[in-house]
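Contents: one structure, followed by commentary.
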Amino acid sequence: MKQSKCRNLLIGAAALTLLGASATAYAIGENACENEVAGLFPDASMADITATPAVPGKRGTFRVDWSVQTNQETARGFCKVTGSGDVVRVKTEYHKKYRSSGNDQYDGFYYDEQMGKWRDNNGEICNTCTPDNGFPDHGGAGSGGFNGPQGDVYGIQLFPNVKRNGGDYTNFTVGSVEECARACSKDHRCESFNYGKEKRDCWLKNNVPGGEPNNTVISGVKR
């Protein structure tokens with residue numbers, strides 16, 4: 001009886017230790033996700049960002065669902081986080097931005113006044129957001145230079161003259177944008193990349209940041 005009682009006590013202590021370690025990992029994942037999302041939404045304060053407790057995912061990772069709510073925008077998505085707190089992916093599943101001029105927002109699509117273009121809920125240029133499809137006509141484009149998606153290489157959609165800032169985890173020199181796209185397609189961490197035309201440098205990213213016009217860069221987004 002004493003041996004059985006002792007064994008039960010040891011099992012209970014081990015279970016508590018495991019639960020404590022899991023709780024710590026969950027907390028690390030939640031905090032890491034909040035910090036990463038804060039970098040994607042610079043206008044939001046930490047109080048505007050909500051992250052749910054981490055839940056076990058695939059291959060030893062955790063999933064943390066997040067949401068952002070400010071007076072200017074609403075967004076939600078999830079993070080994939082390792083047990084050590086490294087965010088390997090940030091996914092935006094919904095993003096609606098409110099503009100002060102006319103409060104232009106249509107089911108997640110919003111009008112970028114600087115570019116003179118409609119964007120979808122991932123921040124990409126919406127080529128189907130035309131007056132024929134019920135979107136208001138705001139006139140011609142602004143400063144120009146921002147192209148829609150073109151081409152598809154190794155399952156990567158290319159965006160000529162578009163640079164995406166943030167999310168870099170490695171970079172190297174390649175011979176062409178096709179080589180950069182191939183490297184991204186083979187790396188499970190890679191969600192997008194920048195390829196510099198002048199230096200032929202390839203920057204792999206673990207998320208898909210919004211794009212901005214840059215004539216020296218081609219970006220790619222994994223499908």
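The values are calculated or read from the model by the stated rules, or taken from the named source; none is laboratory data. The structure presented is a predicted model; accordingly, all values stated were derived computationally and were not measured. Quick reminder, even Gly has a Cβ in these numbers, built from the backbone with ideal geometry, and neighbours come from all protein chains shown.
Taking the criterion of being buried (at least 21 other Cβ atoms within 10 Å of the Cβ) and assigned to a strand (DSSP E or B), the residues of the stretch 204-220 that qualify are 204, 205, 207, 211, 217, 218, 219, 220. When residue 164 is tested against (1) surrounded by fewer than 17 Cβ atoms within 10 Å (Cβ to Cβ); (2) at pLDDT 90 or above; (3) of a type in the set (D, E, K, R), only condition (1) is not met.
Among all residues of the stretch 189-201, there is at least one that is assigned to a loop (DSSP other than H, G, I, E, B) and touching a residue at least 60 places away in the same chain (Cβ under 8 Å). Applying a threshold of 7 Å to beta carbon distances and a minimum spacing of six or more residues, or different chains, the list of pairs starting in the stretch 208-220 at a residue that is in contact (Cβ under 8 Å) with a residue 60 or more places away in the chain and of a type in the set (Val, Ile, Thr) and ending at one that is in a loop (DSSP other than H, G, I, E, B) and crowded, with 21+ Cβ neighbours inside 10 Å reads 208/191.
Within the stretch 183-208, the set of residues being closer than 14 Å to residue 223 by Cβ and in contact with a helix residue (DSSP H, G or I) (Cβ under 9 Å, 6 or more places away or on another chain) comprises 190, 191, 192, 193.
Number of residues in the stretch 25-56 that are under 14 Å from residue 86 (Cα atoms) and assigned to a loop (DSSP other than H, G, I, E, B): the value is 1. In this structure, does residue 174 turn out to be at pLDDT 90 or above, touching a helix residue (DSSP H, G or I) at 6+ places or on another chain (Cβ under 6 Å) and β-branched (Val, Ile, Thr)? When the stated conditions are applied, residue 174 passes them.
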